[in-house]
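Engineer: Below is the structure I would like to discuss, written out as structure tokens.
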Amino acid sequence: MDFFGNLMVGFSVTFQPINLSFCFLGVFVGTMIGVLPGIGPVGTMAILLPVTYGIPPTTAIIMLAGIYYGAQYGGSTTSILVNIPGEAASVVTCLDGYQMALQGRAGRALGIAAFGSFIAGTFGVIGLQALAPPLVSVALRFGPPEYFSLMTLGFVILTYLAQKSMAKALMMAGVGILLGVIGLDTMTGMPRFTFNIPELLDGVGLAPLAMGLFGISEILLNIERKIKQELLTTKVKGLLPTLEDWGRSIWAILRGTAVGFFLGILPGGGAVLGSFVSYAVEKRVSRHPEKFGTGMIEGVAAPEAANNSAAQGAFIPLLTLGIPANVVMAILLGALMIHGITPGPMLLKEHPDLFWGVISSMYVGNAMLLVLNLPLIGLWVQLLRVPYPILFPLILFICLIGSYLINNSTVDVALMLFFGVVGYLMRKFEYEPAPLVLAFVLSPLLENALRQSLILSDGSFTIFFLRPISGGCLVLAAVLLMTSVLPFIGKRREKILKKGEEDE
Amino acid sequence: MKAERVGSLFWLAAGLISTYGSVQLGLGKFREPGSGFFPFLAGCFISLMAMIVFFQSFLRGREVQAKLSSLWEGLRWRRPIEIGLLTLGYILALERLGFLLTGFLLLFVILKGVERVSWGKAILIPVLTLGVSYLLFNVFLKATLPKGVFGF
């Protein structure tokens, strides 16, 4: 089937009333949590995971995907108006966006952020649609050793790009793998690390784990600090960028789109890295790099475009290989598996409606977001006025109900609280939760691939090195590990990451 | 003690305990890995990384390393404990007192007791939140939320 044929299949799914409604719900909730500080798309998707049990899988994924890319739109609002990024991917937008707001150009900054996001999001979907089918045909040649090596490479890239220590990030991936084996061993039926708790026989749930590590821990961290909520008192007006603004921004948007999309495909890359790199690119190509940080519209357009196209690019490894590129995609993978669907190369063949339906919903979702973010900007500004002492009890309460509804059991709620405290301490001690959650989701797939490979090779580990794709992935992983250990490269990596942190 | 070392020693202990637990599960053979094989590898890996972090902490300058107590310096550290304990209380009471009563008590105590908002807000916000949650989960999504001994 050709490009447009696939698109038609997708739109026929997207335009079903239930899918359209949940797409709207997803992008609406996404924008809302993007605007609100203290709760991110990962926590929200985890909270809403139990809600998706009762709806068809395509509808569920359309909604969850909408939350993700919707949050990228919403995140820019707080960056521009209050100098607090709603999302990590909008951190860099603060630099010029807030300066524009101080100069009375908040409306144009918000406008270019929304239009840039829309253009990038749309190009991102086109890229996803064009790249996914050829990649599927490559992925069909993959066996267990290739999957094992590819996932290993993914972990190494993810931890290589970790903000803090690579050893700590790798350690967290190990902890995630360990948590992922809790429950009955699918091959032997033996319970593992269940401590005689019957509820743990099915394993630790993704929702309590993610809600705890991202939702509860965030609340615990925020309430010990005094959050200053400052809001511009001037009215936001003039949302449509002028011709001059367009002239200065259009190439920045296109460059940001390309950078974000390709970095989004990388494991661990995603929207955050995309926005930082695109800002750096703009600064480098600009004739006035010294003016960045003083209210340059390119400094808003490029990162906002990049974080949206990265959000679309991140779907490629998930939909084609079944391997999530970041923790948000790991939640989506978990959601698909809860519905009995294994993402990967067979997804396109076995569930074309889901595959093309989700992709097409992003076109519609992007259009909805444009409407939600421009005419309704006043609504989101009002939302920013809700003080955190009132907001956090509500977020906590939603987490508590959400975790209880998974199995109608307080064990899941207790697990969520436990992981919340663990997540709080992890962040205090500078351990990142993202590699843990990603490894947790991939753990069963990784174990199966390892065991099957060893059974295939009669116990020989050479199977991982003698097959070209598998061997290539492992060599690349080894090279990355070596470079992070070598002093001069390690120091350079630390310097780059430190610079990124300072920019934050 | 330095925070970095405390953290790495904790994870080292966790790694070693899980390695021991994996051996108890049975490692099997390479040609037929047992239930403990994969967690054994994970446990060893965690222990190795924890040791690297521990030894790295000696190589870094003293001045760049945070002390354990400094992680909570200047912060309102009692609040996370209060909220954690209140949430624990909510979990223990949920199935006995029911979703509406425990939900109200939790929100009211946080808003009035911890955050010191006005009486009006401390009552109105929980009532509205519970009303919307009841409609959404019980009525629209037909989810089963615990009723408790009072039947609501």
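Each value in this text was obtained by applying a stated rule to the coordinates, not by laboratory testing. Just so you know, these numbers come straight off a predicted model, no measurement behind them. Note: ideal-geometry Cβ built from the backbone for every residue, glycine included; neighbour counts use all protein chains shown.
Engineer: Convex hull volume of the Cα atoms in chain B, per residue, in Å³?
Structural biologist: Taking the convex hull of the Cα positions in chain B, it is 202 Å³ per residue.
Engineer: Could I ask something else about it? So what's the angle, to the nearest 10 degrees on a 0 to 90 scale, between helix A:410-428 and the longest Cα principal axis of chain A?
Structural biologist: In chain A, helix A:410-428 runs at an angle near 70 degrees to the longest axis.
Engineer: ³J(HN,Hα) across segment A:211-216 via Karplus (A = 6.51, B = -1.76, C = 1.60, θ = phi - 60°), whole Hz, x for Gly/Pro?
Structural biologist: 4, x, 5, 9, x, 5
Engineer: Something else now. For the residues A:4, A:465, A:419, what sequence is obtained by ranking on other C-beta atoms within 10 Å, fewest first?
Structural biologist: Details: A:4 8, A:465 15, A:419 27.
Sorted ascending by nearby Cβ count, the order is A:4, A:465, A:419.
Engineer: Per 5 Å bin, what percent of the C-alpha pairs of segment B:78-140 does each bin hold, from zero upward?
Structural biologist: Answer for segment B:78-140: a P(r) of 4, 18, 25, 24, 20, 8, 2, 0 percent.
Engineer: Using the Karplus curve 6.51 cos²θ - 1.76 cosθ + 1.60 with θ = phi - 60°, work out ³J(HN,Hα) for each residue of segment A:273-288 in order, rounded to whole Hz, and write x for Gly and Pro.
Structural biologist: Couplings: 4, x, 5, 5, 5, 5, 5, 5, 4, 4, 4, 6, 7, 6, 6, 10 Hz.
Engineer: Within a Cβ distance under 14 Å of residue A:205, other residues only, what is the Lys/Arg minus Asp/Glu net charge? Show your work: numbers first, answer last.
Structural biologist: Details: positive: none; negative: A:199, A:202, A:412.
Residues near residue A:205 contribute -3 overall.
Engineer: In percent, how large is the relative contact order of chain A, given Cα pairs closer than 8 Å and 6 or more residues apart? Walk me through the intermediate numbers first.
Structural biologist: Working: 932 pairs, mean separation 139.3, N = 504.
Computed value for chain A: 28 percent relative contact order.
Engineer: Say a paramagnetic label sat at a point 7 Å from the Cα of residue A:202, along Cα to Cβ; which residues of segment A:44-58 have their backbone N under 14 Å from it?
Structural biologist: Backbone N within reach: A:50-54.
Engineer: In what sequence do A:362, A:426, A:166 fall when counting other Cβ within 10 Å, fewest first?
Structural biologist: A:426, A:166, A:362
Engineer: Which of rounded, prolate, oblate describes segment B:3-72, given a ≥ b ≥ c as roots of the alpha-carbon gyration tensor eigenvalues and a/c under 1.5 marking rounded, otherwise prolate only if a/b is larger than b/c?
Structural biologist: Since a/c reaches 1.5 and a/b is larger than b/c, the shape of segment B:3-72 is classed as prolate.
Engineer: Cα gyration tensor of the protein assembly as shown, axes a ≥ b ≥ c as square roots of the eigenvalues: rounded (a/c below 1.5), prolate (a/b > b/c) or oblate? Walk me through the intermediate numbers first.
Structural biologist: Details: a/c = 1.29, a/b = 1.10, b/c = 1.17.
Note, shape of the protein assembly as shown comes out rounded.
Engineer: Sort B:134, A:424 so the one with the fewest other Cβ atoms within 10 Å of its own Cβ comes first. It would help to have the intermediate numbers written out before the result.
Structural biologist: Numbers: B:134 16, A:424 21.
So the residues, fewest neighbours to most, are B:134, A:424.
Engineer: By its C-alpha gyration tensor, with a ≥ b ≥ c as the square roots of the eigenvalues, how is segment A:312-442 shaped: rounded for a/c under 1.5, else prolate for a/b larger than b/c, else oblate?
Structural biologist: Details: a/c = 1.85, a/b = 1.15, b/c = 1.61.
Because a/c hits 1.5 or more and a/b fails to exceed b/c, segment A:312-442 counts as oblate.
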